[in-house]
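Working notes, structure below.
What follows draws every value from the coordinates through simple rules; no lab data is involved. Since this is a predicted model, take the numbers as computed values, not measurements. Cβ placement follows ideal geometry from the backbone for every residue including glycine, while neighbour counts extend to all protein chains displayed.
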Amino acid sequence: MKIKRIYFMVPNADVARMIVNELLLARVDEHHMHILAKEGTDMHELPEATLMQKSDFVPAVQRGLALGGGIGTLAGLVAVAVAPGAAVIAGGVLLASSLTGAGVGAWLSGMIGLSVDNTRHTQFEAAIERGEILMMIDVPISRVEEIDELVKSHHPEAALEGTDPCIPAFP
C-alpha cells in the first residue's frame, strides 16, 4: 500500500488538537500523525514528530547508499584490474566491495543526516518560528482527498501545504 504525507499548517496547538481528534475518529492512527512546532510550545497530547521526521536521515541514507555503492563498485573494478589472478574471484570482489561501499556510505550519510534539519521543512521554518504548527499526516493514497476535505471543511484556517509523492517505508 502506497502512503502519502500530507502537510498542513495550523495557527496553534488548540486547532492541532481538534484536528488530531477528528483524524482519530476518521481512523487515522496516531502513529501516522507527526506535529512539528516551535521549541517550548505546549505539545500536551499531540503526537510530536520524531527525530526521523525532524532530521534529514532518510534522504541522507538514500544518497549515501547510492554513492557508497557506486564507489565500492569502482574500487572493486580497480582491484580486479590491478591484482594478478583476481579475475578468478572477480564476482566476489565486486559484490563485496559494492556491498561494503553501500553499507559504509549509508551509515556515514545517515549519521550526518541525523544532525541536519529536514530539508523538506525549510519552507515552513518562518511560520513555525511565528508559532504556527506543522502537521504531517501519513495516509494511503486512496484517502488523501478524504482527509484533505475533512480537515478543510472543519478548519478553514488550516492551510494545505502539499503532499510528498511517497514517503519511505521506514519514516
Computed over the chain, the distribution of all Cα-Cα distances in 10 Å bins, rounded to whole %, is 10, 30, 25, 14, 11, 7, 2, 0
Starting at the first residue of the range 99-113, write each ³J(HN,Hα) from the Karplus equation 6.51 cos²θ - 1.76 cosθ + 1.60 with θ = phi - 60°, in whole Hz, x for Gly and Pro. 5, 5, x, 5, x, 5, x, 5, 5, 5, 5, x, 5, 5, x
Among Met136, Met1, which comes first, second and so on when ranked by fewest other beta-carbon atoms within 10 Å? Met1, Met136
Among Ile133, Ile3, which comes first, then next, by fewest other beta-carbon atoms within 10 Å? Ile3, Ile133
Identify all lysines with a Cα-Cα distance to Lys54 below 23 Å; exclude those on the same chain that are fewer than 8 residues away in sequence. Lys2, Lys4, Lys38
Against the longest alpha carbon principal axis of the chain, how many degrees, from 0 to 90 and to the nearest 10, is the axis of helix 13-25 turned? 80
